[in-house]
Amino acid sequence: MKLNIALLAGDGIGPEVIDQAVKVSNAIAKKYNHEINWTPALTGAAAIDAVGEPYPDETHEVCKAADAVLFGAIGHPRFDNDPSAKVRPEQGLLKMRQKLGLFANVRPTFTFPSLIDKSPLKRERIEGTDLVILRELTGGVYFGERGRKDDGNTAFDTMTYTRHEIQRLAKKGFELAMTRSKKLCCVDKANVLESSRLWRETVQAMEKDYPEVEVSYEFVDAVAMRLVQWPSSYDVIITENLFGDILTDEASVISGSMGLMPSASVGEEASLYEPIHGSYPQAAGKDIANPLATVLSAAIMFEDFGLTEEAQEIRNVVNKSLAEGIVTEDLAEGGKAYKTSEVGDWLASNI
Ligand code: IPM
Ligand code: MG
């Protein structure tokens, strides 16, 4: 297969972890006779510095022309403590999601047998966890009307959803549940929010089209609690943008390191693969960040191209590296800590 991939390394540790995913993908391509053409493009603070904006038109063109986008991370501390900054790296991420129509963010959470005791949660609570949070990504409070009232002392952000936005995300959730344990949980705050009541009403109306799927409805605050108490009780969770942002960070601790969890953002026409961990600026340039979340994001990319054997090979070699202790410092626990680039080299040479 011939694949054209847009490569958006972004900020912080983005370039370092992306390099390892490229090494691994190239090793897979060589072994299975695929051809990957990588086209790098600017995004985030790196793009602000170069051309004054975080998701330049040229980058959008590269993404649109590609078969998929592999993305590192966005964000820089010099913007975080400056509420008056006019342009922020994160705006690039939001613009990219919106312009590419990436309405569904697929964030799996699973455990690695060799790491189960590294999780801050007890083994008996997390064993068997294998869930997917499907987060709506181009609506809700992230994209609703916002502003300041005239007096400057009142600010507002609006959570808006249309039935159509809910339906297309829920459809993906039902379809995903059908390929898994046929359990779908719709997470909302329908006891308070009108937009949540529209979510519930819309998903309830879709139940009849998927009679085999067992659907439950839970409030987000209760889910925040149950997710760490009994995560293996969930299979597919669907939820709106902000709830999904919060719950997916929470869920990532189950696996033992945020550096492990991959994600895919998909729409009708484009798809993007990225680690969920963000730019981790304290580690930037030190060659210490865990590249596995990005490598596993590339595995989802191969899977979405129908290359399941290739995807499985990546997962197997990642499991092997964990079992053999070829890990970065976040997982080393007193043992030898390998560099980001060394982990990437090891993975590529073991394929
Ligand atoms: C994520 C991140 C982003 C989000 C930030 C960087 C804007 O936290 O991808 O989860 O809130 O969506
Ligand atoms: Mg987040």
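The values are calculated or read from the model by the stated rules, or taken from the named source; none is laboratory data. Just so it is clear, the model here is predicted, and its values are computed rather than measured. So basically every Cβ, Gly included, is an ideal-geometry build from the backbone, and we count neighbours across all protein chains shown. All accessible areas refer to the heavy atoms of the entire protein, side chains included, with ligands and DNA or RNA removed. Shrake-Rupley method; radii C 1.70, N 1.55, O 1.52, S 1.80 Å.
Cα centroids of the stretch 299-349 and the stretch 1-71: how far apart, whole angstrom? Their Cα centres are 19 Å away from one another.
Plainly put, the stretch 120-255 has a radius of gyration that is 1.02 times its Kirkwood radius, both from alpha-carbon atoms, as the Rg/Rh ratio.
Based on DSSP H segments of at least four residues, each scored -39500 (n - 2.57), the chain has a per-residue ellipticity at 222 nm of -12500 deg cm²/dmol. Each residue of the stretch 8-13 is assigned a 3J(HN,Hα), and the resulting list reads 10, 6, x, 10, x, 7 Hz, derived from the Karplus form 6.51 cos²θ - 1.76 cosθ + 1.60 (θ = phi - 60°), x at Gly and Pro. With θ taken as phi - 60° and the Karplus curve 6.51 cos²θ - 1.76 cosθ + 1.60 applied, the whole-hertz 3J(HN,Hα) list for the stretch 336-348 is 5, 9, 8, 6, 3, 5, 5, 4, x, 4, 4, 4, 5 Hz, x standing for glycine and proline.
Grab the other residues whose beta carbon is less than 12 angstrom from that of Ala251, score K and R as +1, D and E as -1, and report the net.
The answer is -1.
Accessible-area rank, largest first, for Asp150, Asp345, Asp11, Asp287: Asp150, Asp345, Asp287, Asp11, with all protein chains present and a 1.4 angstrom probe. If I compute solvent accessible area with a 1.4 Å probe over the protein chains, what percent of it on the stretch 28-123 is carbon and sulfur? Carbon with sulfur: 53 percent of the solvent-accessible area.
Calculated accessible area for the chain comes out at 44 Å² per residue, all protein chains present (probe 1.4 Å; ligands, DNA, RNA ignored). Listed by chain and number, the lysines placed with their C-alpha closer than 24 angstrom to that of Lys182 are Lys171, Lys172, Lys208; residues fewer than eight positions away on the same chain are left out. All Cα-Cα separations within the chain were binned at 20 Å from zero, giving a P(r) of 30, 60, 10, 0, each value a whole percent of the pairs.
Between the stretch 139-177 and the stretch 264-291, the alpha-carbon centres lie 24 Å apart. Sequence-ordered 3J(HN,Hα) estimates for the stretch 41-55 from the Karplus curve with 6.51, -1.76 and 1.60 and θ = phi - 60° stand at 8, 7, 7, x, 4, 4, 6, 4, 4, 7, 10, x, 8, x, 9 Hz, glycine and proline given as x. In this Cβ point-charge picture (+1 for Lys and Arg, -1 for Asp and Glu), the chain has a dipole of about 280 debye about its Cα centre. Take every Cα pair under 8 Å whose residues are at least 6 apart in sequence, average their separation, divide by the length of the stretch 120-255, and the relative contact order is 40 percent.
Solvent-accessible surface of protein heavy atoms, probed at 1.4 angstrom with all chains present, puts His76, His34 in the order His76, His34, largest first. Working note: Cα gyration tensor of the stretch 1-142, eigenvalues times five, square-rooted, sorted largest first, giving semi-axes of 28, 23, 16 Å.
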